[in-house]
Structure formats: C-alpha cells, structure tokens
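Trainee: This structure is in structure tokens; I'll ask about it shortly.
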Amino acid sequence: MAKAGENSFEDEIMESDIELEGEVVEPDNDPLQKMGDPSVEVSEEMRDKAQLYKKKGVDALSEGKLDEAVEHLTEAILLNPTSAILYAARAGVFVKMKKPNAAILDAEAALQINPDSAKGYKSRGMAKAMLGKWEDAAHDLHLAAKLDFDEEISSELKKVEPNVHKIEEHKKRYERLRKERDMKKADLERQRRHAEEVSAASAVLKPGDVITIHSSNQLEEIFTAASKLSKLVILYFTATWCGPCRFMGPVYKSLSEQHRNVIFLKLDIDQRSNIARRWNVSSVPTFSCVINGKEIDKVVGADKTGLERKIAEHGSRKQ
C-alpha cells in the first residue's frame, strides 16, 4: 500500500508546464569570439586606435551592419582589453544578432573589469532572457536599472517580470505539493509501522483463549502487546489445590470465548510464586484487571458476577 501511494504522490508532484511569454532562441554554439589579453600593457597610441575602431563599430551598428560592427569592436578590444565599455558594446551587438552565449561572454568580461558596468548587466540580462533564464535576466536587468536606467531596460523588464512571477507562483505550488507529499508519505509510514506493530502484537495474543503464563518475560511481552492494541488484560491467579479455583476455571474459559476483545491470562501461584509476590496476591482465586501493564481493579474470590461486571466495565474503556 505504501509503495503504491508513493507512486501516486510522485505523479501528483510532477512539475507542470508553465505558459511563459517571450521569444526564446536556441543557444549559439559558434566558435568563441576573440578576447583581449588582460596582461597586455596598453599604450596611449593603442587606446586612441581602439577608440577609432569603436567609433567605426558604433557607426556600423547604426547602419544595421552587425557583422561589421563586431569586427571593428573586436579590433578595439584587442588593442585595449582593459576597457569594460568595449566588451559591453560588443555584447550589445551580439544581443541584436541573437547570439546570447557570445553576449554573455562579453558582458561577463566587462563586469570583471568594472563590476558596476550598467551595460554589462543590461546585455547579460537581455541575453539570459533570450535563453529563457527569466529569473537571472530579471536580476541583471534590475541591477542595470539601478546603475543607469533607460527605456530599453524598462521595456525588457516588462517582458521578463510576468514570467518571473509565473515561475515564482509555480515554485510555491510545487513546494506546497512537495510538503503535502512528504506529509502523506510520513502518514503512510506511520500507518505501516502501526500495522506491523499490530500484527506483531496480535501474534502474541490469543483472542478467545486462555494463555498460561510461564515466565515474567512472557507476561511483560503480553502486556506490551495488549497496550499497543489498547486491550484489557485479566490476570487470573490460581492454584491446583484451590477448590474455588476449580469452580472458576470453566467460567473463566467461557468468559474468554465471550469477550474476544479482552486478553485472558492464567498463572499458577505455586509455579510462579515470584510473580504472585510482585502482584501482592494473598489469596486465590484473584483476578487482576490490567491496562497498560498496571492493575486498575481486581476481584478476589470465586465471584463470577463480580468478574463479569469488571470485564464489562473495563473491557470497553478507552485506553
């Protein structure tokens, strides 16, 4: 039963598809773009040349010549690999070319040089959005907005944030289902353990029969089993030489057959004198009413009516 239940809960908790909006592109797997050598010592002449190439790149971008823009910006980066602006500029071009992986590589290079590069965060956020990594995209775009807000960032956030909200709601639902699943699994486990305990306890007890006690360990085992099943135990102290006991023997056997929800035990005080002393038995027959291993009542003497009354009184008692 537990195994079947677990499978149904696993089916229930499977993540469902979320209807997200926005274009997602396939990751670009082109050869990595050329990156500058950060150990190069950049001279003023190299910086000036880099600026010229940057201008050419910006001009090409304004004309929609994206490949040409990348070429010029790459030349600028190779001349001045310490410029976060150049990497961020090329990252922006890769975003327009819908090459998110290339854009992320350049954006991270820009952020490594300048951790406060707004354009670096902006380009990486937009590239992450292209890949459907909505939460990462929102994080970067919010950082970019704090550093240098512009309308393009605002427009991109309006596309990204509804998806982030849907994902957050989905995660909350998933977490709630997971907790419910765990609670149900724990409940099934408790039921399984209880069933095992009941089965083990039932194997020790013999409803409808009178169990003869041969040892203290046997008596404790029966008390434990009866407690698990919330059953009343009648412990009958008898002796072979006792006339009233011989009268009560068949009565006691008949009562055990009538009251199968009660456990009936029999103990010879001469054979198990140590147990009789522990229970302070001074005469026989004595019938001790036991719940959870403790005597709650007793009948002394061959009192058939009194014994029946005590069984009726305590046998239906809630433990």
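Trainee: (1) 5, 17, 20, 17, 11, 10, 9, 6, 3, 2, 1, 0; (2) 6, 18, 15, 8, 7, 6, 6, 8, 10, 9, 5, 2, 0; (3) 5, 21, 30, 23, 9, 4, 4, 3, 2, 0, 0: which one is P(r) over Cα pairs in 10 Å bins from 0, in percent as calculated from this entry?
Mentor: Only one option fits the structure, namely (2).
Trainee: Still on this structure: For the pairs 34/119; 99/172; 96/171, flag any whose C-alpha to C-alpha distance is greater than 22 Å. Each step should come with its number before you reach the end.
Mentor: Details: 34/119 20 Å; 99/172 32 Å; 96/171 32 Å.
Pairs exceeding 22 Å: 99/172; 96/171.
Trainee: Quick one: Karplus J couplings for the range 183-194, per residue in order, coefficients 6.51, -1.76, 1.60, θ = phi - 60°, nearest Hz, x for Gly and Pro?
Mentor: 5, 5, 5, 5, 5, 4, 5, 5, 4, 4, 5, 5
Trainee: With the dipole of the range 35-123 worked out from charges on the C-beta (+1 for Lys and Arg, -1 for Asp and Glu) around the Cα centre, which of 46, 97, 80 lies farthest toward the positive end?
Mentor: 97
Trainee: Could you work out Rg/(2.2 N^0.38 Å) for the range 210-258, with Rg from alpha carbons only? All intermediate terms of the calculation are to be shown ahead of the outcome.
Mentor: Numbers: Rg = 12.4 Å, N = 49, 2.2 N^0.38 = 9.7 Å.
Compactness ratio reported: 1.29.
Trainee: Tell me, what is the per residue accessible area of the chain in Å², probe radius 1.4 Å? Walk me through the numbers before you get to the answer.
Mentor: Details: 18280 Å² over 319 residues.
On a per-residue basis, 57 Å².
Trainee: Here's a follow-up. Taking Cβ-Cβ under 4.7 Å as the only way to count a partner, pick out the unpartnered cysteines of the chain.
Mentor: 289
Trainee: If you don't mind, there's one more thing I want to ask. If I fit a long axis through the Cα atoms of helix 243-258 and take the longest principal axis of the Cα atoms of the chain, what angle between them do I get, 0 to 90°, rounded to 10?
Mentor: Approximately 40 degrees, to the nearest 10.
Trainee: Between residue 18 and residue 101, how high is the FRET efficiency from 1/(1 + (r/R0)^6) when r is the Cβ-Cβ distance and R₀ = 41 Å? Nearest 0.05. Can you show the working numbers first?
Mentor: Values: r = 24 Å, r/R0 = 0.58.
Efficiency, from the Cβ-Cβ distance: 0.95.
Trainee: Say each of residue 165 and residue 114 gets a label point 7 Å from the Cα, pointing the same way as Cα to Cβ; how far apart are those two points in nm?
Mentor: Reported label-point gap for residue 165 and residue 114 is 3.4 nm.
Trainee: For the range 175-254, what is the convex hull (Cα atoms) projected area averaged across all directions, in square nanometres?
Mentor: On the way: hull surface 27.9 nm².
Its Cα hull, projected and averaged over all orientations, spans 7.0 nm².
Trainee: How large is the convex hull of the C-alpha atoms of the range 44-168 per residue, in Å³?
Mentor: Details: hull volume 11.5 nm³, N = 125.
About 92 Å³ per residue, rounded to a whole number.
Trainee: Taking the dipole about the Cα centre of the range 110-193, with the C-beta of Lys and Arg at +1 and of Asp and Glu at -1, give me whichever of 126, 177, 155 is farthest to the positive side.
Mentor: Selected residue: 177.
Trainee: Moving to a separate point now. Can you give the accessible area of residue 148 in Å² (nearest 10), computed on protein heavy atoms with a 1.4 Å probe?
Mentor: Accessible surface of residue 148 is approximately 90 Å².
Trainee: Once you order the gyration tensor axes a ≥ b ≥ c over the Cα atoms, which shape class does the range 210-315 get: rounded for a/c under 1.5, otherwise prolate or oblate by comparing a/b with b/c? Present the calculation step by step, with values, prior to reporting the outcome.
Mentor: Numbers: a/c = 1.57, a/b = 1.08, b/c = 1.45.
Oblate, because a/c is 1.5 or more while a/b does not exceed b/c.
Trainee: For the ranges 159-167, 263-271, what's the packing order if you count other beta-carbon atoms within 10 Å of each residue, average per peptide, and put the highest first? Could the numbers behind the result be given before it?
Mentor: On the way: 159-167: 16.7, 263-271: 20.4.
Listed from highest to lowest mean packing, they are 263-271, 159-167.
Trainee: Moving to a separate point now. Mind listing the Cα extents of the range 114-261 along all three principal axes, in Å, largest one first?
Mentor: That gives 106, 29, 20 Å along the principal axes, largest extent first.
Trainee: May I ask which residue of 291, 22, 281 lies farthest towards the positive end of the charge dipole of the chain, with charges of +1 (Lys, Arg) and -1 (Asp, Glu) on Cβ and the Cα centre as origin?
Mentor: Ranked along the dipole, the leading option is 281.
Trainee: Let me ask something else about it. Rounded to the nearest percent, how much of the accessible area of the chain (1.4 Å probe, protein heavy atoms only) is carbon and sulfur?
Mentor: On the way: 9080 of 18280 Å².
Ligands and nucleic acids excluded, carbon and sulfur reach 50 percent.
Trainee: On to the next question. What is the set of long-range amide H partners of residue 297 at a cut-off below 5 Å, with H atoms built 1.01 Å from backbone N?
Mentor: Correct list: 289.
Trainee: How much length would be gained if the chain were fully extended between residue 274 and residue 43, taking 0.36 nm per residue of separation minus their Cα-Cα distance, in nm to one decimal? Walk me through the numbers on the way to the answer.
Mentor: Details: separation 231, 0.36 × 231 = 83.16 nm, distance 10.36 nm.
The residue 274-residue 43 span can extend by a further 72.8 nm.
Trainee: Rounded to the nearest 20 Debye, what is the dipole magnitude of the chain about its Cα centre when Lys and Arg each give +1 and Asp and Glu each give -1 at the C-beta?
Mentor: Values: 50 positive and 55 negative charges, 637 e Å.
So the magnitude is around 3060 debye.
Trainee: Still on this structure, I have one more. Give me the dipole magnitude in Debye, nearest 20, for the range 76-128 about the Cα centre, with unit charges on the beta carbon: positive for Lys and Arg, negative for Asp and Glu. Mind dumping the intermediate values first?
Mentor: Values: 8 positive and 3 negative charges, 61 e Å.
Approximately 300 debye in magnitude.
Trainee: Exposed loop sites here are GluC sites (Glu not before Pro) in DSSP loop states with at most 12 other C-beta atoms within 10 Å. What is the longest stretch of the chain lacking them?
Mentor: So the longest stretch without any such site is 64-319.
Trainee: May I pose another question? Report, to the nearest 10°, how far helix 100-113 tilts away from the longest principal axis of the Cα atoms in the chain, using its own Cα long axis and a range of 0 to 90°.
Mentor: Roughly 80 degrees between the two axes.
Trainee: Something else: How far is helix 44-62 tilted off the main Cα axis of the chain, in degrees rounded to 10, range 0 to 90?
Mentor: Helix 44-62 sits at roughly 80 degrees to that axis.
The values are calculated or read from the model by the stated rules, or taken from the named source; none is laboratory data. Predicted model only: the values in this text are computed from it and were never measured. Using ideal geometry, Cβ is built from the backbone for each residue, glycine included, and neighbour counts are taken over all protein chains shown. When the accessible area is computed, the model is the full protein with side chains, heavy atoms only, and any ligands, DNA or RNA have been set aside. Shrake-Rupley method; radii C 1.70, N 1.55, O 1.52, S 1.80 Å.
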